[in-house]
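A.B. asks: This is the structure I want to talk about, given as structure tokens.
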There are 2 protein chains.
Amino acid sequence: MSLLSPRRIALIGASADSARLTARPQRYLRRHGFDGAIFPVNPRAAEVLGERAFATLDDIPGDIDFAYILLGTEQVEDQVKACARRGIPVACVLADGFAEAGEEGTARQARVLAAAKAGGVRLLGPNSMGVVNTQARMALTTNAAFEAETIPAGRVALVSQSGSMMGALLSRGAARGLGFSHLIGTGNEADLTAGEIASLLLDEPGVDVVCLFLEAIRAPDQLAAAAGKAHALGKPIVALKLGRSPFGAELAASHTGALAGTDAAADAFFRAHGILRVTMLEALLELPPLVAGRRAAKAHRAVGVMTTTGGGGALAVDALGVRGIEARRPDAAAAARLAAAGMASHARLLDMTLAGTRPDRVAAGLDALRAAEDTDLALAVIGSSAQFRPQDSVAGIVEAAKQPGKPLAAFLAPEATASLRLLGEAGIAAFRTPESAADAIAAFCAWHAPRDVVMPAAPAITVPKAPDEADARAVFAALGLPSDAVVMQDRVPVGLRYPVAAKILSPDIAHKTEIGGVVLHIADADALREAAAAMRARAAQALPRARITGILVQPMAKGLAEVILGFRRDPEVGPVVLLGAGGVLAELSRDIALRLAPVDETIAHDMIAEVRALAPLAGWRNLPRGDLAALARAVVAVSRLAAVDVVREAEINPLIVHAEGQGVTVADAWIVRG
Amino acid sequence: MSLLSPRRIALIGASADSARLTARPQRYLRRHGFDGAIFPVNPRAAEVLGERAFATLDDIPGDIDFAYILLGTEQVEDQVKACARRGIPVACVLADGFAEAGEEGTARQARVLAAAKAGGVRLLGPNSMGVVNTQARMALTTNAAFEAETIPAGRVALVSQSGSMMGALLSRGAARGLGFSHLIGTGNEADLTAGEIASLLLDEPGVDVVCLFLEAIRAPDQLAAAAGKAHALGKPIVALKLGRSPFGAELAASHTGALAGTDAAADAFFRAHGILRVTMLEALLELPPLVAGRRAAKAHRAVGVMTTTGGGGALAVDALGVRGIEARRPDAAAAARLAAAGMASHARLLDMTLAGTRPDRVAAGLDALRAAEDTDLALAVIGSSAQFRPQDSVAGIVEAAKQPGKPLAAFLAPEATASLRLLGEAGIAAFRTPESAADAIAAFCAWHAPRDVVMPAAPAITVPKAPDEADARAVFAALGLPSDAVVMQDRVPVGLRYPVAAKILSPDIAHKTEIGGVVLHIADADALREAAAAMRARAAQALPRARITGILVQPMAKGLAEVILGFRRDPEVGPVVLLGAGGVLAELSRDIALRLAPVDETIAHDMIAEVRALAPLAGWRNLPRGDLAALARAVVAVSRLAAVDVVREAEINPLIVHAEGQGVTVADAWIVRG
């Protein structure tokens, strides 16, 4: 596809007034050295900015690789059709007023997409600021950041759903010599999505890392495929995604026209597919050198830190600690190397304040810290020398980086642009602030290879249109999580273990308790018979039209803990499974673990370990242990709903966890069809 | 005191070799324009860097305002004594090797302090990088950041326990025109603490805001006094304090020789005294203009946001949302002004992408957002124009800031140093990153006036040396939280409400359950008599030497919720009271609220609202309401332990909260004497 390196470009609606937005692509292409053919399409000018103009696309001689449609919203559809007629493989649309602009815009976008598909045109946008390939000196963009005289090249590609943030990242990188290989604005992603473009970029020999600035995850399968390819090629993907707060999620949705999922689901998606997620703007710029050419390895969630500034080092250690990353004392391996170099340290910080400007000492210290077997990387914190003696202050780090080993990172405490630039040029991850260093390092320490859980075959179950609780239990049983409840009609079942609980069954009654549809602690068969009749009577009175399908009867159970176990299809990333502290607190405490579904038992145990309220069940302080193995199997079973397409959402709350070896009990359950 | 503006300065140990650390104060003083008298003390030179040198302090003619002792650790004590002999009012000590260096260092620091006190010398340090007063062109410092040719002045004073971070902040500020009025390195604070110095700085007419970089809070009373003065004068104090993570706290303690308290206690301290706390390095630089000349007002925890970049605006809204600050739609007042200016917006973001470079429009938009009655400030997010047209891009904001009203802040999405500088010069808070903007704004929105809870008179209670549970309950009862437990010796008390619980009482038995010292659900007097005897027998067997003081008997109680209510004396900030979800989870869930003790009922209700697990008791989802008024009174009662000096720590766990109007029950309690 000629998306990344077009040689013959049509600019539909190129303005002859160089001050206008629509004149920018032509100006920027030439300013930054594009030597291919440009065809301005402008019916009111014979020449545009010194190049021959064409009244229509049809007037352009020869093939066209790429058309950038710069015209207004209303004219886009016709121009896409014109591109189709000319057999142009890729068209990019600048205008907004599509899916992000309500119903009418959504319909307009659908028409444009249909026209493109019918004509074999791949579409970038709408609302796209274009494509830049610095290695090919091809700046096909309306982004004002390209007013800059020069644009540094690099080996990191950027895909951004926001055009303006593409420019913001470019300018921030340029100020310290961090360049990009490509910058691509994907806008509404009517056709080409960030995931598909990331895949294309990974194939480019000049790309080491792909960065994503996302407002929404639109085609999770494509992004997942790109992530798999990234792992195979050793070209990591780093993402910053908005929507971490409810206000941000609402805004991102309205801004892009995409349905917003929950941030926990997005997080689970990135984690499952081995995409590094940062949360700070500058961390997206600063992280790539840390991962370029690497694959995710076992994470210790710990780092070795050396410093030439006590306060700066403490600041970095604290920022890391807040994110759960430990600055660890040198282990035996590291201590041995330190000793061999005539240094000694048993502290969290290898303090080199006095030796800070002796590059050989700094290199030896970092070499020793990298030798530790229980850390993920070594961080150098540099003080005032970074401001006044850039070469001296970074020489030791640059020297150390020449040896293979764990990644090196640096945080510079003072204002030190020249030092940041030197480190960047040496391919060393260098951070302006302790917080962005900690954000990026935390993402690095959480990085895993893409997980590989095979989607199970859908079990042979039918789910009624309006499933009641017995149906829900039947589905869970089919997935491997049995229930000890039975359905009673007129006769009391034999062999019940009393006391029991009884609930009215109806696809039409959502809140059973409120209409007196639940009775607990029923002591014997007579009492059960009576309770069943009373419930039926109350239900008939309260909701005369509700279909009553029976009475669900279950032995009373009291375990060590109650959890909520849920399943739903996130609008952005698809099926997810959730485990959390149960009952009323489930909604309040936010003490949950969430993963893409399905999961295997290993992941289920990770989830259990993540829920703080479950810690007592793991044998905390001599408390009785819970049956966490059974709980893990239950999580796996519920996660298999991913394969049952008709189920949109399901929940067991509470699931009662008994003592070790005693299993779990489904105490309440429901499912909803999609 | 001549701390801030000395005119006659002795430099004890000033080096004649200009490359040396100890030559810096003299070089920096002259480089930055000091026109007072400098007296280098150096027995091996007649002249030091062109100024007449003196062999000893005694050789210097006339009064000396300030001595900076640049000699090694071992020589400090003698030099302080020499300062005392000369009647020098302030001495600053550069050397380290004192309280931060183990026992020997602690003893050394005590000797130096004693010498200073005996001689009437106020001490800055040890481990201090000195004092800078840019308004007086007085740079008496060893900090390398003063190698810079010029140092911008300003109206923000900085007090830093870390010398190197003083330089880091100076250089970062200088790069964008944010200057300081004073920079003072306090090091170990053997004598002069950050709090006392902050008070002195608040008296300076050239100071609008005092910033603190803290590793420890050493003299909380002095800092509290400064905070009260800050509020009275309308000169806010902003603090960044390390120790937010356990690793950081450990490091700060070892680095400064101070005892580390918990971060929650430090947070409570800042909140109680109206000190704004930021968590990000650059937020400490960027926040001051937001608060200069202002006092804390009612906080809505909401802001109005206008933007000229969709992606940048969304990024800011999301970063704010993560910190619990809402970007709010214009209210009626704001909407009316917008309408009057021919604009309309009902969105979270006032999108001015098209009008972004028309200063009159931007000013009108900000003017409208500031008119909202339900927000704390207005934030402008500026896109690419900030990079290429600094004047145009900030003109509207500068114009708006000329009108009185709520504070204005700006976040610039691209690299835009010139625009940041223009905003800084206009006294407008301008942020480099969305995260530091959100950090500072969250601090602003959490800002309250210093609270004024009068320390109650200590109740007339005696606390035995080794208090048992009955003693603890007696103390709580004296403070206003009665208990329904009685102590039984041989005879069963009459009038008990069965079933009851019984516990063995002993100052020597910490874990009653483990030796069979607790019996629950006792049905009647006979059973109680039997249980008491059995418990005494088991205790005698397990711990024959334990003194048994009786059997505590209490009616069994089951309420709506169990909480933990605790009191302790934090090593940094003093007495604090803690409320949290009870039981085993108290330690695991971190769902707690903590405040300086004592508290009043208003603060107690704030604490209750902060504990997520208590939300159901406030009438959530038609659940029964708990007696939160009684709980608040219990919190107040326990917090009054602050006045009972002999009590070091106390805890009620669980305190059972009953339904509205039914009160609370102390189910278990202990206190520890100091």
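A.B. asks: From the phi of every residue in the range B:417-424, what ³J(HN,Hα) in whole Hz does the Karplus formula 6.51 cos²θ - 1.76 cosθ + 1.60 yield, where θ is phi - 60° and glycine or proline is x?
C.D. replies: In residue order, the calculated couplings are 4, 5, 5, 4, 5, 4, 5, x Hz.
A.B. asks: I would also like to ask the following. Round to the nearest 10 and report in Å² the accessible area of A:His346, as given by a 1.4 Å probe over the protein chains' heavy atoms.
C.D. replies: 140 Å²
A.B. asks: Excluding ligands and nucleic acids, what accessible area in Å² is computed for A:Glu651 using a 1.4 Å probe, to the nearest 10?
C.D. replies: Ignoring ligands and nucleic acids, A:Glu651 comes out at about 50 Å².
A.B. asks: With angles folded into 0 to 90 degrees, how steeply does helix B:76-86 sit against the dominant principal axis of chain B? Use alpha carbons for both and round to 10.
C.D. replies: That helix lies at roughly 70 degrees to the long axis.
A.B. asks: A further question follows. With the solvent-accessible surface defined on protein heavy atoms using a 1.4 Å probe, which residues belonging to the range A:303-341 display a reduction of at least 10 Å² in accessible area in the multichain context relative to the isolated chain?
C.D. replies: A:Thr309, A:Gly310, A:Gly311, A:Ala314, A:Leu315, A:Val317, A:Asp318, A:Gly321, A:Val322, A:Glu326, A:Arg329
A.B. asks: Taking only the alpha carbons of the range A:621-665, what extent do you get along each of the three principal axes, in Å, biggest first?
C.D. replies: Principal-axis extents of the range A:621-665 (Cα, largest first): 43, 17, 17 Å.
A.B. asks: Also: Using the crude model of +1 on Lys and Arg Cβ and -1 on Asp and Glu Cβ, and no other charge, please compute the dipole size for the protein assembly as shown relative to its Cα centre, in debye to 20.
C.D. replies: 380 debye
A.B. asks: Tilt of helix B:310-322 relative to the longest C-alpha principal axis of chain B, in degrees (0 to 90, nearest 10)?
C.D. replies: 40 degrees
A.B. asks: Using amide H atoms built in the peptide plane, which far-off residues or other-chain residues are under 5 Å from A:Ala239 H to H?
C.D. replies: Under 5 Å from the amide H of A:Ala239 lie the amide H atoms of A:Leu212, A:Leu276, A:Arg277, A:Val278, each far enough along the sequence or on another chain.
A.B. asks: Next up: Roughly how big is the B-A contact, given as buried accessible area in Å² (both sides, 1.4 Å probe, nearest 100)?
C.D. replies: 5500 Å²
A.B. asks: A further question on this structure: Using only Cα atoms, figure out Rg for the range B:148-201 and give it as a multiple of 2.2 N^0.38 Å.
C.D. replies: 1.15
A.B. asks: Check cross-link reach from A:Lys229 to the aspartates and glutamates: straight Cα distance under 13 Å, and skip same-chain residues fewer than eight apart.
C.D. replies: Within reach: A:Glu196, A:Asp203, A:Glu204, A:Asp208, A:Asp221.
A.B. asks: Write down, largest first, the equivalent ellipsoid semi-axes of chain A in whole Å, where each equals the square root of 5 times an eigenvalue of the alpha-carbon gyration tensor.
C.D. replies: Calculated on Cα positions only, the semi-axes equal 52, 39, 17 Å.
A.B. asks: Return the percentage of antiparallel bridges among DSSP beta bridges fully within the range B:9-165, rounded to the nearest 5 %.
C.D. replies: In the range B:9-165, DSSP labels about 25 percent of beta bridges as antiparallel.
A.B. asks: Given chain A, what percent of its DSSP beta bridges are antiparallel, to the nearest 5?
C.D. replies: If I count the DSSP bridges inside chain A, around 50 percent turn out antiparallel.
A.B. asks: What fraction, in whole percent, of alpha-carbon pairs in the range B:290-360 exceed 17 Å separation?
C.D. replies: 52 percent
A.B. asks: Got a sec to turn the phi values of the range A:224-239 into Karplus ³J(HN,Hα) couplings, 6.51 cos²θ - 1.76 cosθ + 1.60 with θ = phi - 60°, whole Hz, x for Gly and Pro?
C.D. replies: 5, 5, 4, 5, x, 5, 4, 5, 4, 8, x, 10, x, 10, 10, 10
A.B. asks: Let me ask something additional. Order B:Glu469, A:Glu77, B:Glu610, most accessible first, counting only protein heavy atoms with a 1.4 angstrom probe.
C.D. replies: Sorted descending by solvent-accessible area, the residues read B:Glu610, A:Glu77, B:Glu469.
A.B. asks: Within the protein assembly as shown, what percent of beta bridges assigned by DSSP are antiparallel, to the nearest 5?
C.D. replies: 50 percent
A.B. asks: With viscosity set to 1.567 mPa s at 4 °C, what whole-number translational diffusion coefficient in µm²/s follows for the range B:517-652 from Stokes-Einstein and a Kirkwood radius over Cα pairs?
C.D. replies: 75 µm²/s
A.B. asks: I've got another one for you. Taking a point 7 angstrom from the Cα of B:Ser5 along the C-beta vector, which residues in the range B:122-152 have backbone N less than 13 Å away?
C.D. replies: B:133-138
A.B. asks: How would the range B:460-517 be classified by its alpha-carbon gyration tensor: rounded, prolate or oblate, with rounded meaning a/c under 1.5 and the a/b versus b/c comparison settling the rest?
C.D. replies: Verdict is oblate for the range B:460-517.
A.B. asks: Given axes a ≥ b ≥ c from the Cα gyration tensor, I'd like to know whether the range A:400-510 is rounded (a/c under 1.5), prolate (a/b larger than b/c) or oblate.
C.D. replies: Because a/c hits 1.5 or more and a/b exceeds b/c, the range A:400-510 counts as prolate.
A.B. asks: Once the cut-off is 17 Å, how many percent of the Cα-Cα pairs in the range B:186-229 end up in the long-distance tail?
C.D. replies: That fraction is 25 percent.
A.B. asks: Where the only charges are on Cβ atoms (+1 Lys, Arg; -1 Asp, Glu), what is the dipole of chain A about its Cα centre, to the nearest 20 debye?
C.D. replies: 600 debye
A.B. asks: Now for a different question. Given +1 on the Cβ of Lys and Arg, -1 on the Cβ of Asp and Glu, and no further charges, what dipole in debye does the range B:299-455 carry about its Cα centre, rounded to the nearest 20?
C.D. replies: I would put it at about 100 debye.
A.B. asks: Just tell me which lysines come within less than 28 Å, Cα to Cα, of B:Lys512; anything on the same chain fewer than 8 places away is out.
C.D. replies: Reachable lysines: A:Lys558, B:Lys465, B:Lys503, B:Lys558.
A.B. asks: When all C-alpha to C-alpha distances in the range B:98-196 are sorted into bins of 10 Å, what percent of pairs does each bin hold, rounded to whole numbers?
C.D. replies: Answer for the range B:98-196: a P(r) of 16, 43, 26, 13, 1 percent.
A.B. asks: Would you mind classifying the protein assembly as shown by shape? Square roots of the alpha carbon gyration tensor eigenvalues, ordered a ≥ b ≥ c; an a/c under 1.5 is rounded, otherwise it is prolate if a/b is larger than b/c and oblate if not.
C.D. replies: Judged from the Cα gyration tensor, the protein assembly as shown comes out oblate (a/c at least 1.5, b/c at or above a/b).
A.B. asks: Accessible surface of A:Lys235 in the full protein assembly, 1.4 angstrom probe, to the nearest 10 Å²?
C.D. replies: Accessible area of A:Lys235: about 30 Å².
A.B. asks: What translational D, rounded to a whole number of µm²/s, comes out for the range A:513-552 from Stokes-Einstein when the hydrodynamic radius is the Kirkwood one over Cα pairs, at 25 °C and 0.890 mPa s?
C.D. replies: Translational D for this selection: 232 µm²/s.
A.B. asks: How shielded is A:379-392 by partner chains, expressed as the average number of their Cβ atoms within 10 Å of its Cβ atoms?
C.D. replies: The mean count of partner-chain Cβ atoms within 10 Å per residue comes to 3.
A.B. asks: Rounded to the nearest 0.05, what FRET efficiency do A:Asp63 and A:Asp221 give with R0 = 51 Å and r taken as the Cβ-Cβ distance? Could you check?
C.D. replies: With a Förster radius of 51 Å, E is 0.95.
A.B. asks: Give the cross-link partners of A:Lys406 among the lysines, using a straight C-alpha distance below 19 Å as the criterion and excluding same-chain residues fewer than 8 apart.
C.D. replies: Filter leaves A:Lys235, A:Lys298.
The values are calculated or read from the model by the stated rules, or taken from the named source; none is laboratory data. In this text the structure is predicted, and so the values were computed from the model without any measurement. All Cβ positions, glycine included, derive from the backbone under ideal geometry; neighbour counts span all protein chains shown. For accessibility, only protein heavy atoms count, side chains too; no ligands or nucleic acids. Shrake-Rupley method; radii C 1.70, N 1.55, O 1.52, S 1.80 Å.
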